[in-house]
1. All but one of (1) surrounded by 16 or more Cβ atoms within 10 Å (Cβ to Cβ); (2) assigned to a strand (DSSP E or B); (3) of a type outside the set (A, V, I, L, M, F, W, C) hold for Pro34, so report the exception by its number.
2. Scan segment 1-31 for residues that are basic (Lys, Arg), free of Cβ contacts under 8 Å to residues at least 24 places away in the same chain and surrounded by 10 or more Cβ atoms within 10 Å (Cβ to Cβ) and jot them down.
3. So how many residues does segment 12-60 have that are more than 28 Å from the chain's Cα centre (by Cα) and aliphatic (A, V, I, L, M)?
4. Of the residues Val16, Val63, only one is out of contact with any Leu (no Cβ under 9 Å at 6 or more places or on another chain) and β-branched (Val, Ile, Thr); which?
5. Take Tyr56 and decide whether it is touching a residue at least 12 places away in the same chain (Cβ under 8 Å), of a type in the set (Phe, Trp, Tyr) and under 29 Å from Ala134 (Cβ atoms).
6. Please verify whether Leu135 is in a strand (DSSP E or B), under 20 Å from Leu170 (Cβ atoms), in contact with a helix residue (DSSP H, G or I) (Cβ under 8 Å, 6 or more places away or on another chain) and of a type in the set (A, V, I, L, M, F, W, C), treating the condition exactly as stated.
7. What residue, of Asp108, Asp98, is part of a loop (DSSP other than H, G, I, E, B), at negative phi and at pLDDT 90 or above?
8. Working only within segment 83-95, note down all residues that are outside any strand (DSSP E or B) and modelled with pLDDT of 90 or more.
Amino acid sequence: LLQRPHMVVMDEDRAVKGPKCTIERDDLMHCFTPDLMIPHDRRNHPTIEHPLLLDYGFEMDGVRPGNISQLSGFNRMEIFPDPIVERFVDGRSYRSGDYLTINGKYLDAAASERDVQVKIGDELCNLTALANRALTCLPPDPTISNQLQYNDKPRVIVKIGGMNYDVGELVYNSKESDISPQVLVAISVAILGFHEDDYQKCALLIRDARSKLNMILLRLEGVDMECARAKQQNRCYE
């Protein structure tokens with residue numbers, strides 16, 4: 001009975017062993033890739049355009065049966081740069097119902113949406129888009145959440161594969177505490193002496209502009225997602 005399976009990756013003249021695999025059943029086990037710890041000054045450091053191509057195999061209870069990537073039907077493993085997730089500067093204010101965008105780099109280089117999880121406090125932020133330099137999710141509504149309330153400052157944690165990133169605090173603002181676009185228009189009307197018709201026109205223009213902007217952003221995110229899905233599946237991070 002197999003007891004101690006590990007994935008092994010061959011990098012130049014060294015064999016790097018990953019953590020112990022989890023055996024689910026006789027024909028299925030889950031394994032994490034090893035941490036290669038590739039120095040940044042290495043000449044052939046992995047990039048998006050030129051990932052490292054490494055051989056790999058498995059160690060079964062101390063015995064290494066061979067190099068799987070040399071067998072027919074198997075490819076060498078592609079190694080991409082680790083994702084970079086930008087932290088919030090002095091926290092991030094959020095209004096209920098809006099989307100939360102987190103910026104970064106290499107976010108989808110070797111990950112699909114199923115590999116990414118965003119948590120706000122103890123609750124999930126539903127992922128809606130994943131691209132190379134940004135991801136978007138819809139935070140839980142504090143009016144129906146048992147964990148979150150307005151003016152809370154929960155921490156945002158992004159998990160990509162086996163890596164966790166503390167992005168910072170998210171401040172839930174109640175709708176009453178924010179100045180809405182309609183209120184800003186009303187203030188402008190009072191200052192400039194517009195007539196009521198002018199106020200209505202301004203309000204409509206703002207609403208239409210926000211709607212068109214949201215549609216453009218969603219379309220761009222959709223293009224990025226399609227490009228990500230078109231990439232090969234046999235990839236991993238450092």
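1. So the condition that Pro34 fails would be (2).
2. If the condition is that a residue be basic (Lys, Arg), free of Cβ contacts under 8 Å to residues at least 24 places away in the same chain and surrounded by 10 or more Cβ atoms within 10 Å (Cβ to Cβ), then Lys20 is the only one that fits.
3. Result for segment 12-60: 2.
4. Checking each option against the conditions leaves just Val63.
5. Against the criterion (touching a residue at least 12 places away in the same chain (Cβ under 8 Å), of a type in the set (Phe, Trp, Tyr) and under 29 Å from Ala134 (Cβ atoms)), Tyr56 does not qualify.
6. Values: in a strand (DSSP E or B): yes; under 20 Å from Leu170 (Cβ atoms): yes; in contact with a helix residue (DSSP H, G or I) (Cβ under 8 Å, 6 or more places away or on another chain): no; of a type in the set (A, V, I, L, M, F, W, C): yes.
For Leu135, the condition - in a strand (DSSP E or B), under 20 Å from Leu170 (Cβ atoms), in contact with a helix residue (DSSP H, G or I) (Cβ under 8 Å, 6 or more places away or on another chain) and of a type in the set (A, V, I, L, M, F, W, C) - is not met.
7. On the way: Asp98 fails: at pLDDT 90 or above.
The unique qualifying residue is Asp108.
8. Result: Pro83, Glu86, Arg87, Phe88.
The values are calculated or read from the model by the stated rules, or taken from the named source; none is laboratory data. These figures come from a predicted structure and were not determined experimentally. Reconstructed Cβ throughout: ideal geometry from the backbone, glycine too, with neighbour counts over all protein chains shown.
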